[in-house]
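Taken together, the values in this text are just the output of simple stated rules run on the coordinates, not laboratory data. Predicted, not measured: the structure shown is a model, and the values here were computed from it. Positions of Cβ are generated from backbone atoms using ideal geometry, with glycine treated the same way; all protein chains shown enter the neighbour counts.
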Amino acid sequence: MIEMNGVNHSIGRAAILQDITATLPRGRITALIGPNGAGKSTLLSLIARLEPVQQGQIRVEGLDIGQSDSRELARRLAILPQNAGVMSRLRVRELVGFGRWPHHQGRPGPADRRKVDEAMARLALTDLADRFLDQLSGGQRQRAHLAMTLAQDTDWLLLDEPLAALDMAHARALMAELAALRDAGRSVVMVLHEINHAAAWADHVLAMKGGRIHAEGTPAEVFTPGVLEPLYDMPLRIAQFEGRPMVLHHL
Amino acid sequence: MARPLVLLTLALLLASGLYLLAGLGPRWQFVLTLRATRLAGLVLVGVAVAVATVLFQTVARNRILTPQIMGLDALFVLLQTALVAGLGPVGFALLSGPARFTLETSALVLAALLLFGTLLGRGASDIPRMILTGIILGVLFRALSGFLARVMDPNAFAVVQAESAASFGRIEPALLPVAAAVTLAVVVAALWLAPRLDVLALGRVAAVSLGLRHDEMVLAVLALVAVLVAVATALVGPLAFLGLIVVALARPLAGSDRHLPLLVTAMLLGALVLVAGQTVFERALGQQSTLPAVVEFLGGLVFLGLLLKGRIR
């Protein structure tokens, strides 16, 4: 599990996160929700060690992320990148291969190649293995990056608004894939803006507002008018559909 | 070895042979020594500029930038102007070659590290801010050396002008051993770091996720870039576009964005462009123009071409 204890974060004088103490469960999909500026992405980037922890402590499976070796953490925690940097002349197989880097440090063995093949097969990328990244559509490229994080073979997977650039079909396919990973024993933490995806797929929800934790629990506990209306400062109707809450935020 | 590499190596050997041996004349021992020295200088500068540009473009995540955009060449000119202004033209001429080289190189590296160090205090994540700061510092350095040039006496100004224009004619033999040793060390380090450079080029999020110590790596790579730029600039003067032209040509030739093939291709190509160009100018065109002027002109065209094609990233 991921334990956060008394985490405070500020940029200049602005307090972005205030006294965050929470535990994210293993083997579950955890969704971070909340209005813009709530501090969700900042919290995720602290867990991902993209920003240094200023105050408080974050531990991943008992490892303090401020103290631990980055390579050690890379075998437990993967972050889905949004783009490929400058390496556009890179084949899908090469990109996915980078996921094995924390395990072999530049010298891949047969076991590494097998993991890469498995990750590509799992995300239906085998036919695209020899394509260059700049020849792929946005959805395919994201799948290639997801395959890279899969090949990394970590317990935890962090995603910051992965649905932002995807159409409905790709968004649902991604959520279903993450649910399948969860069923295979992995733990997923994601920032989600599309609240109904959180309602439909998440096991655990952390609602944030103004840098603090507003509510925490299962979707059934969090997705009630009493919790969500003050969270988003708007009146909301919430329906039930096949046993899951559904927020009618557009009406 | 891939075919482009074999061809590049052969072309470089051929150009070097031509440069050394074409039209030797009766006093060949003397001429050959002179040419061998200059050839070594050309190869060193070509390799240093090519490697520096590849490394810098990886750190800056941008393919139209050269280290010169960080204001390093402007800093070099300012340094020399200040040196001439401080010592006077006679004192400047008295300072021996290697001493001046060591002074200039360490000053450039120190200034570059100070510059990057303060910029990176907040984390190497903010690359656009770093580059903007570099451009602004470049303008500042140029303005300062312009100011110094205006207040100094005309004789000293003539020395500054001669020193601060790029020239392959002024490579001093005494500098070569030091420059060669430094360049070799940095190139070996860059090749050794190649797998890590690949991970760095994936972007900060991916690099951190894969366990690369991203910020330390950026700082180390920038230090290597500073050393190489210092070597090349101290040897021949500021060359804004040579790196751009060489690396822009090397990328398609290498056929991959992986750093090992890219670095080797760029190095060979950098040396080839300078040696072949200088051969043509000295032997065929009878020194009608200067190679730096032509390289800069063509480099400027490549720069515009890259901009217009929208290959910013």
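Here chain B is treated with +1 on each Lys and Arg Cβ and -1 on each Asp and Glu Cβ, and its dipole about the Cα centre works out to around 620 debye.
Each label point was placed 7 Å from the Cα along the Cα-to-Cβ direction; for A:Gln55 and B:Leu5 their separation is 5.4 nm. Bridge orientation summary for the protein assembly as shown: considering DSSP beta bridges with both residues in this region, about 60 percent are antiparallel. Taking θ as phi - 60° and the Karplus parameters 6.51, -1.76 and 1.60, the scalar couplings of the stretch B:71-87 work out to x, 6, 5, 5, 5, 4, 5, 4, 4, 5, 4, 5, 5, 5, 4, x, 8 Hz in sequence order, x denoting glycine and proline. Remark on A:Ile16: its backbone amide H falls under 5 Å from those of A:His9, A:Ser10, A:Ile11, a criterion applied only to residues 5 or more positions apart or on other chains, H modelled at 1.01 Å from N.
Counting only the Cα atoms, the stretch B:1-48 fills a convex hull of 68 Å³ per residue. Here's the list of lysines a cross-link from A:Lys40 could span, going by alpha-carbon distance under 18 Å and ignoring same-chain residues fewer than 8 apart: A:Lys209.
Here the Karplus curve 6.51 cos²θ - 1.76 cosθ + 1.60, taken at θ = phi - 60°, turns the phi angles of the stretch A:65-80 into couplings of 5, x, 9, 7, 5, 4, 5, 4, 5, 5, 8, 10, 9, 10, 10, 7 Hz, with x standing for Gly and Pro. Loop only per DSSP, at most 14 neighbouring Cβ atoms within 10 Å: give me the chymotrypsin sites (Phe, Trp or Tyr not before Pro) in the stretch B:1-49, ordered by residue number. Filter output for the stretch B:1-49: empty list.
Computed from phi, the 3J(HN,Hα) profile of the stretch B:213-219 under the Karplus parametrisation 6.51, -1.76, 1.60 (θ = phi - 60°) reads 7, 4, 5, 5, 4, 4, 5 Hz, with x in place of Gly and Pro.
All Cα-Cα distances of chain B, cut into 20 Å bins from zero to the largest, leave 32, 58, 10, 0 percent in each bin in turn.
Kirkwood-type hydrodynamic radius, the protein assembly as shown: 26.5 Å, calculated from all non-identical alpha-carbon pairs.
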